């Protein structure tokens, strides 16, 4: 597996937005109220008789060109040989610059610790040959993890980005998404926990 | 407000750079005799530089979640503009200490002061550039515009220009040329700000309607332009002619320009950061 970029496959067609991945991530990483290293966002739009809603579960995309690694002043971020981007919280000084810079808002500031934190791809589990906890928790098998090339071969219809997501050219995210027809329709709002953003 | 430390850090540090750069330029442009006449006015300004730079560093520490680790913030200078900014601001503060020390204890040592002032001004202007580069992020097109890169220099020149004008207004013996130069500096800074906004407006409209509404739809933005830029221009007009505007008016304009820069910087941060995460 070494030297092959690891990444997530997100089956948007299959995800029902149950948030099990999010809760499993919070539980494993013992996160306080606030930070959600994996977040399920509901994209809504359309109108009667054709309304639509779909869920996107997204964490750190362990980008090939990670902007967090470049901008962090203390060098708290490193990219491993397998492509996972790891954040060393013991080095972090809580300047929040990574939270400004990441287009996917993967690094999040934890007020209780005064430091940023983000998905590490459960590298401790991966090193033991296991899957990240979110993948293990998904009851619909909508999340997969592995070498990006293999994920792409397994899901030939998968794409790197969706119209509702940030421009992938900025960081080249190591993620593949199985779209559904509605992703090309203009959404009206994105619901992220208690926050709703009109698009 | 979460961004208050960043607002104070950037505005205070840029003001400190202006307070070194402008007296240094004036001392370089004027002859020895005229510099001597200006010295009592510039001394008050020179002594302020270090306290301002120190206060800006304190504000930058206040921003951190774990300030005790701040010393590590220089380690990734190879790729991080934030690390470069911290290094340059640290160097500038050291230069500012020497500069203020010379004004306080050795005001007669003009050659040393000019050399230290020149070094401090160059390092300070590089630090202002680094601050601007921190916000030139490919993931934040709302910020990534040359006018935002220029904004720090505008702040330095506007606050610096008005602060020196204020000090000069209190000393009747100040040469006419000094007033003229100060008038040109303030007018040039105000013109650069307006020109930058004239280009930034259409650019931002194409990037994000929400940010455009949050920035240009905010009445504080227009109030800042009217008072924080209009009043200094009002004061600069007689300065350019070599005339001395009333000291009270100059003081009011200094307060207006500082308040205007604080408001402008607040809008810069909140118009973008209040929307995060975008996805």
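The values are calculated or read from the model by the stated rules, or taken from the named source; none is laboratory data. All figures in this text were calculated on a predicted structure; none of them were measured in a lab. Note: ideal-geometry Cβ built from the backbone for every residue, glycine included; neighbour counts use all protein chains shown.
From the list A:197, A:141, A:189, the lone residue that is assigned to a strand (DSSP E or B) and either more than 10 Å from chain B (Cβ to nearest Cβ) or under 16 Å from residue A:25 (Cα atoms) (or both) is A:189. Against the numbered list (1) within 17 Å of residue B:28 (Cβ to Cβ); (2) outside any helix (DSSP H, G or I), residue B:136 comes up short only at (1). Of all the criteria given as (1) touching a helix residue (DSSP H, G or I) at 6+ places or on another chain (Cβ under 7 Å); (2) closer than 22 Å to residue B:139 by Cα; (3) in contact (Cβ under 8 Å) with a residue 40 or more places away in the chain, the one not satisfied by residue A:71 is (3). Note on segment B:163-279: enclosed helices (runs of 4 or more DSSP H) holding 1 or more residues that are closer than 30 Å to residue A:59 by Cα and in contact with a helix residue (DSSP H, G or I) (Cβ under 8 Å, 6 or more places away or on another chain) are B:176-207, B:209-216, B:247-273. Restricting the search to helices (runs of 4 or more DSSP H) fully inside segment B:1-119 and requiring at least 1 residues that are out of contact with any helix residue (DSSP H, G or I) (no Cβ under 7 Å at 6 or more places or on another chain) and in contact (Cβ under 8 Å) with a residue 60 or more places away in the chain gives B:4-29, B:32-63.
Quick grid of which residues meet (1) part of a helix (DSSP H, G or I); (2) more than 30 Å from residue B:86 (Cβ to Cβ); (3) touching a helix residue (DSSP H, G or I) at 6+ places or on another chain (Cβ under 9 Å):
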| residue | (1), (2), (3) |
| --- | --- |
| A:82 | no, yes, yes |
| A:89 | no, no, no |
| A:94 | no, no, yes |
| A:98 | yes, no, yes |
| A:104 | no, no, no |
| A:125 | yes, yes, yes |
| A:130 | no, yes, yes |
| A:164 | no, yes, yes |
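Just one of the listed residues (A:175, A:164, A:170, A:191) is in contact with a strand residue (DSSP E or B) (Cβ under 6 Å, 6 or more places away or on another chain), surrounded by 14 or more Cβ atoms within 10 Å (Cβ to Cβ) and modelled with pLDDT of 95 or more, and it is A:175.
To keep it simple, each residue is scored yes or no on (1) within 14 Å of another protein chain (Cβ to nearest Cβ); (2) in contact with a strand residue (DSSP E or B) (Cβ under 6 Å, 6 or more places away or on another chain); (3) farther than 20 Å from residue B:17 by Cβ.
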residue	(1), (2), (3)
B:60	yes, no, no
B:69	yes, no, yes
B:75	yes, no, yes
B:84	yes, no, no
B:87	yes, no, no
B:116	no, no, no
B:124	no, no, no
B:133	yes, no, no
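Would you check if residue A:109 is away from chain B (no Cβ under 14 Å) and in contact with a strand residue (DSSP E or B) (Cβ under 9 Å, 6 or more places away or on another chain)? Criteria not met by residue A:109. The residue list A:75, A:17 contains one member that is surrounded by fewer than 21 Cβ atoms within 10 Å (Cβ to Cβ), within 14 Å of chain B (Cβ to nearest Cβ) and either over 16 Å from the mean Cα position of the chain (by Cα) or at pLDDT 95 or above (or both), which is A:75. Of all residues in segment B:207-227, one or more are surrounded by 20 or more Cβ atoms within 10 Å (Cβ to Cβ), more than 14 Å from chain A (Cβ to nearest Cβ) and farther than 19 Å from residue B:135 by Cα.
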